[in-house]
Amino acid sequence: MHHDINSTVKHFRPIVDGKKRAENRYNDRNYQLNDTITLHEGVLDGNTPGGFSYTGCTVSCQISWIADFGCEPGFVTLSYANVGLLIVRDKND
C-alpha cells in the first residue's frame, strides 16, 4: 500500500539528507512492512486551510521496519529504506 503524508521541514530535510531513517508516527493508516510512503514537505501555517503549507518538495521511501516499543498508545516507529528510490521532486525541477 502507498501512503502520502505531510512532513515539516525540520523532519523532512534530515530524511532526504540520509541523517534520519526512522520516526514516530500515529498509526492511523495501519502501516505495514514494505509499504511505500511519499513525504510532502511543508510548514505549519495557521493561515492556510488545513494548517499546512506545502513547499512542493517530496521524497518517497519504503517502510523497512515497524516497532511500537516505548511509543505512546497508537503510535509506531517507522524505519525507512530506499529513500529517494521511487520519487524525488523539488519545487525547482
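Worth pointing out:
- Split the accessible area of the chain by element, probe 1.4 Å, and carbon with sulfur accounts for 51%.
- Heavy-atom surface of the chain, accessible at 1.4 Å and reported per residue (Å²): 62
- Take every Cα pair under 8 Å whose residues are at least 6 apart in sequence, average their separation, divide by the length of the chain, and the relative contact order is 31 percent.
- Between SER79 and LEU44, the modelled label-to-label distance comes to 2.9 nm, taking each label 7 Å out from Cα in the direction of the beta carbon.
- Whether the range 7-61 is rounded, prolate or oblate, judged on the alpha carbon gyration tensor where a/c under 1.5 counts as rounded: oblate
- The chain shape via C-alpha gyration tensor axes, a/c threshold 1.5: oblate
- A 1.4 Å probe over all protein chains sorts ASP28, ASP4, ASP45 by accessible area into ASP28, ASP4, ASP45, starting with the largest.
- Beta bridge orientation in the chain: antiparallel %, DSSP, nearest 5: 75
The values are calculated or read from the model by the stated rules, or taken from the named source; none is laboratory data. This is a predicted model, so every value here is computed, not measured. Note that each Cβ is placed from the backbone with ideal geometry, even for glycine, and that neighbours are counted across all protein chains shown. Each accessible area value is taken on the protein alone, full model and side chains, heavy atoms only, with ligands, DNA and RNA left out. Shrake-Rupley method; radii C 1.70, N 1.55, O 1.52, S 1.80 Å.
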